[in-house]
Structures are given as structure tokens and as C-alpha cells.
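> Structure incoming, see below.
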Amino acid sequence: MKGMDFAPGFRDNGRMSEIPPDMLAETTDSAASDSADLRMVAIILAAGQSSRMGDGPEKQFRRLNGRSVTAHAVSAFCEHPAVTQIIIVCAAERAADLTASLGDLADDPRLKITGGGVRRQDSVLAGLKAADPSAATLVAIHDAARPVLPRAVIDRLLTAMHDGAAAALPVMPVVDTLKAISGTAVDGTAVDGTVDRSGLAVAQTPQVFHLADILSLHQAHDTDTEITDDIQLIEASGRPVITVQGDRRLMKLTTAEDFDILETLIRTAEGSDQMIPDIRVGNGFDVHRFSDGPGPARIGGIDVPSAHSLAAHSDGDVGLHALCDAIFGALGDGDIGTHFPPSDDRWKNADSADFLTFAVQRVAARGAIIQHLDLTLICETPKIGPHRAAMQQRIASLAGLSPERVGVKATTSEKLGFTGRGEGIAAQATATLVFRSLADGGTHGK
Ligand code: MG
């Protein structure tokens, strides 16, 4: 994923990110940059041997909705603009399998795969040593077995680091009552008592550190003591570790049952991401000749000074007729003649504004909204330019739109054809509608 976007407006499911873009700005001044530079290396631990998943491949290679567990975790970091490097630590003999399991993500130039050790802390140290400290000052250490990593969690962690934390981790409150039991087996064990859960939280990953800091702490650590969680090292140093709100979806894939839950979660989330906005564009065209009678001519909903009026069963508003047909076209709902037949005396000398109002009501009835209307008038006479703004206002008002969602343009046909000879006026129009209702027979609800 080249060309990281540091511009304002990067989004998380339509919400603005919590990280202001200036916090991602490039800084070179080392003292000042420690808090301001939020560029980050991501280390993903995928070296584990799963023991509670039953038969089949290790959990980091299992597929969730067509993508490996590790690939899901990798993609969350690939999509974040603060991430400069992604290091996956796996068993050295499985590096080729791991690369294959990543699919297209393996082509990301930020990606690096390195061999891990026997214990978690050995793998973390291998990952930290593989990190490029010239590209980032922070590091996120994450377990591949947490494949659903919402962007908002990464943003909250970066905010905590920006605010001066020595390390930050996502936590969840303990919602269940905690019991002390006398053995390790869940079934058939005696309860010793109830544990006070106030002041307790469940730790998740990724956990974020200053890269140089956690590297030196790991290197200095007594290698015989097992570390299950890197935050412990910062805690021991007495500096501030700050928690941020975790996310239930960030659950750790441990049992076959967890796998089913995450499969459903990912399928639902990816299904909604793939929803395509239901935008429909219609076009309309109309012509009216000039009558022998005097002006004005009704065009675009207003009376325009003209030698002659337009000949028609209705008021002959060629512009509004083209707009109506554009809307009917986008609705797949016949044309202006279907709804207002010239043979019907009810529409004799009708105000075409009523036709447009009717078309707009048809849009609303279908659960759609008009995003934009665009009209082009083609004539030698009368001059449209002086009346363009009034037409735009009138059409916007009839359609319930702001004027900037209405275009009115005029052109001549260079004296060619019936418009060039001044025999009449032609109009063409475009309507852009967005459907948001399942009731319309659309495929989704956006
Ligand atoms: Mg007409």
C-alpha cells in the first residue's frame, strides 16, 4: 500500500478519525518529536502453536471469511496512515506459508516477515530488532490471534501516546462476576469465593510503546523470567502506562467457538463495507416550437421576455419537461407523457411547476433523494443568461434542493438546425438520485 494518505479526512467507517492530521506530520527534531511524531511500526506475533483449536492448521493460518487470521490483523495496520512498517514474527520454517496466506497484502512494501523464538518474549525481541527506528518512534505489538482490530482503537492508542504515555494498551471492563476456584479445570471445581472485580480490567493488544524504550527493556530483561505481556516491563520501570477503551470485537481467537463468532462478525462487517451506494442517473430531452402568439416564454419555471411564447398543450416549459423526464428516467417510471398525457384536458395550459412537483413526490415515495439536477437549454433566442440565476432558484425551490445542487446552462446551436433558425427551443437534463430504501427493490439499505 504505497502513497499513505496524511491528508485531512481519513475515515473510519464514515466517522472522522480521532487523530488530527498534524499529529501525523513528519518531524525530524528528536527531542520535540517524541510526542508529536506518531509514526509507528507494527509487530504482529504469529509464531504461536494453537492448542485449543482442535485439529487443522495453527489458528494464525486458518481462514476467516476467505482471508487468513493473520491477514486480517495485517490489513488493519496496512490501512492506517501512521504505520510505516509491518513486521510479522512467525516460526522461521513457516515463513513461506505465512507469505502465501497473506494474499495481496504480501505485496505491501512495508511488510517484513521475520523468524521468532520459542517464547513470546523471544518473538517480540526478534520483531523489535527487525524494526527500522529511522522511520518511526513508536511500535505497536499485536497478537495475530486478534484478527478484528478496529481503526478507532489504534487512533485511541496513538492519542494516549501523544498525550505523554510511556505505553498504552486497550482494556475492557470485567463484566462478569469473578470466582476464585480451587483447581484449574472449569468443570467440577469447588468455588473458593468471589473476587472483587472493581479495579480490574482485561488487557487486549495492540500495546503501543516508544520503540527505543521497549527494545532496551527487552534486551535488559532477565531472560529466564517469562513475560506474557510487554506492558509489564514498563510497569516495572514505574512510568505511566495509560489504558484506552478496547473493543469487544478485538477478542482473542482461542477456541473453535471463538472462531465461529469471529467468522460471523467479519462476514457481517465486510458485507456492509461492500455495499455500493445505489445512485441512479436519468436523462431527459424536450423540444417546443415557438407559437405565433406573443411572449413571454415560460422556461425553467419563470417567464422569460420573448417575442413569442412556446406552443404546447401545457405552458410549454421545455426546461421543466426535460427535468421531469430525467427524474422519471432515474426512477424507471415512464415519462412525462405517461403521467400527463397531452390528450387529457386536465393538463391544458397546466403550470409545468406542478409536473416537476409531482416528479419530486414520486422520488420521495420511492425512498430516494435527488442529489443534483442539471439542465441545458439550446436556443438562439431568447437570451437565457440574464435569467439563469432565477431559473436555478426556482428549480431548486420546486425540487427542495439548495441552489448549488441545480445546474442551468445555455447554448446556441451555431445557427444550425431548428434551434439555430429560431423556430423553437430544445432542452436536455440530467437527474442524479440516490436510493436508500430496501422497499424500492434495491439490494441494500444505504
Ligand atoms: Mg414538452
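> Kindly give the semi-axes, whole Å and largest first, of the ellipsoid equivalent to the range 179-316, taking each as the square root of 5 times a Cα gyration tensor eigenvalue. Could you put the intermediate results ahead of the total?
Details: eigenvalues 1123, 116, 47 Å².
So the equivalent ellipsoid measures 75, 24, 15 Å along its semi-axes.
> Given a cut-off of under 8 Å on Cα pairs at least six residues apart, what relative contact order in percent is computed for the chain?
It rounds to 13 percent for the chain.
> Report, in listed order, any pair from LYS383/LYS415; LYS112/LYS252; LYS59/LYS252 with a Cα-Cα distance greater than 21 Å.
Flagged as over cut-off: LYS112/LYS252.
> Which percent, nearest 5, of DSSP beta bridges in the chain are antiparallel?
60 percent
> Let me ask something additional. Could you identify which residue out of THR432, THR189, THR84 has the top mean-square fluctuation in a GNM of the chain using Cα springs shorter than 10 Å?
Result for the chain, Cα springs under 10 Å: THR189 fluctuates most.
> Can I ask one more? If you fit an axis through the alpha-carbon atoms of helix 120-130 and take the longest principal axis of the Cα set of the chain, what angle between them do you get, 0 to 90°, nearest 10?
Between helix and principal axis, roughly 60 degrees.
> Please give the contour-minus-distance gain from PHE285 to THR264: 0.36 nm per residue of separation, less the Cα-Cα distance, rounded to one decimal in nm.
Answer, rounded to one decimal: 2.7 nm.
> Using the alpha-carbon atoms, what tilt in degrees (0 to 90, nearest 10) does helix 69-78 show relative to the longest principal axis of the chain?
Roughly 60 degrees, rounded to the nearest 10.
> Which residue, ASP374, ASP344, ASP107, tops the fluctuation ranking in a GNM of the chain built on C-alpha contacts under 10 Å?
Ranking ASP374, ASP344, ASP107 by mean-square fluctuation puts ASP344 first.
> In units of 2.2 N^0.38 Å, what is the alpha-carbon radius of gyration of the range 140-239?
Scaled against compact globular proteins, the figure is 1.31.
> Hey, another quick one. From zero outward in steps of 10 Å, how is the percent of C-alpha pairs of the chain spread across the bins?
Whole-percent P(r) values from 0 Å outward: 4, 17, 20, 14, 11, 12, 11, 8, 3, 1, 0.
> Oh, and also: Using the alpha-carbon atoms, what tilt in degrees (0 to 90, nearest 10) does helix 151-162 show relative to the longest principal axis of the chain?
The angle comes out near 60 degrees.
> Kindly work out what percent of the DSSP beta bridges joining two residues of the range 308-438 are antiparallel, to the nearest 5.
The answer is about 60 percent antiparallel.
A short reminder: the numbers here are calculations on the coordinates, not readings from a lab. Bear in mind that the values here come from a model prediction, so they are computed numbers and not experimental data.
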